[in-house]
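Beneath this line is the structure, given in structure tokens, with notes to follow.
The values are calculated or read from the model by the stated rules, or taken from the named source; none is laboratory data. The model shown is predicted, which means the values in this text are computed figures rather than measured ones. Cβ placement follows ideal geometry from the backbone for every residue including glycine, while neighbour counts extend to all protein chains displayed.
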Amino acid sequence: MPYLTQLAKVARRTGYPVTEVSGWKSRGHGPQPEVQGVVCHHTAGPTGGGDYPSLGVVRSGRPGLDGPLSQFGLGRSGRIYVIAAGRCWHNAPSTSAYHDNSSSIGIEAENNGSQPWPDDQLDAYKKLCAELCREFGLSASRVKGHKEVNRQKPDPHGINMNDFRADVAALLRGEPAAPALSWTEKLLTDLPLLRPKDDNYDVKTARGLLLQRGYLPEAVYATGGLKSWLDRTKYDDELAGLIRGYQRIKKLDDDAIVGPLTWRALLRVS
């Protein structure tokens with residue numbers, strides 16, 4: 001397979017802006033032998049510094065690893081940077097024969113490894129993967145996170161790759177990807193089930209939310225004071241009774257288990 005000089009055209013099919021980095025059509029560690037997969041990365045670059053501050057590193061490399069490090073860069077705005085048309089050093093050692101440097105395309109998305117993903121960037125990420133699958137005749141199953149094909153890597157952080165692939169598959173079918181979650185909906189995915197006798201800081205969150213929603217009688221904390229009551233981490237019988245009452249008012253199962261539906265009501269997520 002020659003240098004992949006069609007990559008800019010593929011990127012433009014996403015509808016997102018594209019920057020062709022000077023010299024990209026002849027940049028690479030030789031031509032790309034084949035394309036059997038796509039590997040999704042995050043740059044672990046600087047927290048700030050604009051849309052794609054990691055461009056220099058991805059294009060030219062770093063001490064101990066020559067560039068280019070990936071065919072594509074993806075900015076925080078959703079802008080796609082076409083960096084190389086040849087082979088790139090983006091995944092080694094690979095646990096998959098379809099996702100090593102000689103058989104896959106890499107996408108380095110700007111993120112410091114802990115930042116939330118902007119909606120446009122995440123949408124562009126999925127659309128770019130879908131267009132690459134179309135171009136090279138791949139199924140969505142061939143889109144992998146770096147963390148899935150290299151046991152030493154954690155990227156792309158915070159992205160459930162099964163959900164990501166499901167959205168890529170929907171795009172390949174001509175369907176829109178699932179809408180982005182609101183911040184409260186994202187919060188719900190991180191909250192655990194709470195059961196009577198649990199003892200953790202999430203119990204304090206439930207106590208505080210009962211207060212905020214106006215379902216905390218003053219008599220409950222009259223003796224020890226409100227602060228002391230809110231600071232307790234034990235899910236005791238008294239709290240279980242309050243949760244059951246709240247669940248009944250909200251027409252939920254009054255089982256005293258604080259799960260997704262009860263958290264949703266407490267957080268007022270519509």
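Quick look at the numbers
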| read-out | value |
| --- | --- |
| Selection from region 61-120 of residues that are of a type in the set (D, E, K, R) and part of a loop (DSSP other than H, G, I, E, B) | Arg76, Arg79, Arg87, Asp100, Glu110 |
| Residues within region 1-59 that are under 12 Å from Gly73 (Cβ atoms) and of a type in the set (S, T, N, Q), tallied | 3 |
| Top-ranked residue of region 1-44 - restricted to ones that are among the β-branched types (Val, Ile, Thr) and assigned to a loop (DSSP other than H, G, I, E, B), ranked as surrounded by the fewest Cβ atoms within 10 Å (Cβ to Cβ) | Thr5 |
| Some residue of region 63-85 being at pLDDT 95 or above, surrounded by fewer than 22 Cβ atoms within 10 Å (Cβ to Cβ), among the hydroxyl-bearing types (Ser, Thr, Tyr) and touching a Gly at 6+ places or on another chain (Cβ under 7 Å) | no |
| Checklist (1) modelled with pLDDT of 90 or more; (2) surrounded by fewer than 14 Cβ atoms within 10 Å (Cβ to Cβ) applied to Ala166, failing item | (2) |
| Single condition Asp51 does not satisfy, out of (1) crowded, with 22+ Cβ neighbours inside 10 Å; (2) assigned to a loop (DSSP other than H, G, I, E, B); (3) in contact with an Asp or Glu (Cβ under 8 Å, 6 or more places away or on another chain) | (1) |
| Any hit, region 241-262, residues being exposed (fewer than 14 other Cβ atoms within 10 Å of the Cβ) and basic (Lys, Arg) | yes |
| Number of the exception - Val149 against (1) under 15 Å from the mean Cα position of the chain (by Cα); (2) at pLDDT 95 or above | (1) |
